[in-house]
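Everything below concerns the one structure shown next.
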Amino acid sequence: MKALFHLAYHVRDLDEARQFYTGVLGCAEGRSTATWVDFDFFGHQISLHLGQPFATTNTGRVGEHMVPMPHLGVILAMPDWQVLADRVLAQQIEFVMAPAIRFAGQPGEQATMFFRDPSGNPIEIKGFNHLDSVYDK
C-alpha cells in the first residue's frame, strides 16, 4: 500500500519558514491561514503552525556524529539529493552534519545531510543510488 505522510509541527515565524522551505528546499506552498501553512515536502504534506518548536537532543548516532532526535526527513534518488545538497551549500546553511556518503560500497550505501530550519527543527535528507535498496541489510 502506497501512501503520503502528513506531519504537522511548530515554527516561530511563518514568513521565515516560507523563505526557507520554498527558497532553500524548493518546496511548493499549499494552503495557509494566518497561523499555519502547508508545503509539498518532496511529495508529502507538512503543515507548519505558529508555536514553540519541539525540543530535541543530540542522541541519535550517525557514524561518529550525534544528531538531533527527533527529526524529520526524506529519502531522494541520488541525483535529486545532489541537486538539493548543492542548493543548501550555496545558501550557506549551517549543517548539523555536512553532506557525506555513508556505508560506501556496502549494502545501504547512502548520502546524508542534516540541518535545521530557521525555527531549529532538524531535517535529514538521504540520497540512494537505488531507492529499492533503502531497506537492504
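Only one of Ala85, Ala100, Ala111 is over 18 Å from Cys27 (Cβ atoms) and touching a Pro at 6+ places or on another chain (Cβ under 7 Å); which?
The match here is Ala111.
Within region 91-98, none of the residues are touching a helix residue (DSSP H, G or I) at 6+ places or on another chain (Cβ under 7 Å) and either of a type in the set (D, E, K, R) or assigned to a helix (DSSP H, G or I) (or both). So how many residues does region 94-118 have that are in contact (Cβ under 8 Å) with a residue 40 or more places away in the chain, within 18 Å of Ile46 (Cβ to Cβ) and crowded, with 19+ Cβ neighbours inside 10 Å? So the count comes out to 2. Screening Ala85 on (1) surrounded by 12 or more Cβ atoms within 10 Å (Cβ to Cβ); (2) in contact (Cβ under 8 Å) with a residue 24 or more places away in the chain; (3) in a strand (DSSP E or B) shows it passes everything except condition (3). Can you find a residue in region 19-37 that is surrounded by fewer than 14 Cβ atoms within 10 Å (Cβ to Cβ), of a type in the set (Lys, Arg) and either farther than 30 Å from Ile101 by Cβ or in contact (Cβ under 8 Å) with a residue 24 or more places away in the chain (or both)? Yes, region 19-37 has at least one match.
Met66 - would you say it is in a strand (DSSP E or B), surrounded by fewer than 16 Cβ atoms within 10 Å (Cβ to Cβ) and aliphatic (A, V, I, L, M)? The answer is yes for Met66.
None of the figures in this text is laboratory data; all of them are computed from the coordinates on show. Since the model is a prediction, treat every value here as computed from it, not as a measurement. Counting neighbours? That spans all protein chains shown, and the Cβs are built from the backbone with ideal geometry, glycine included.
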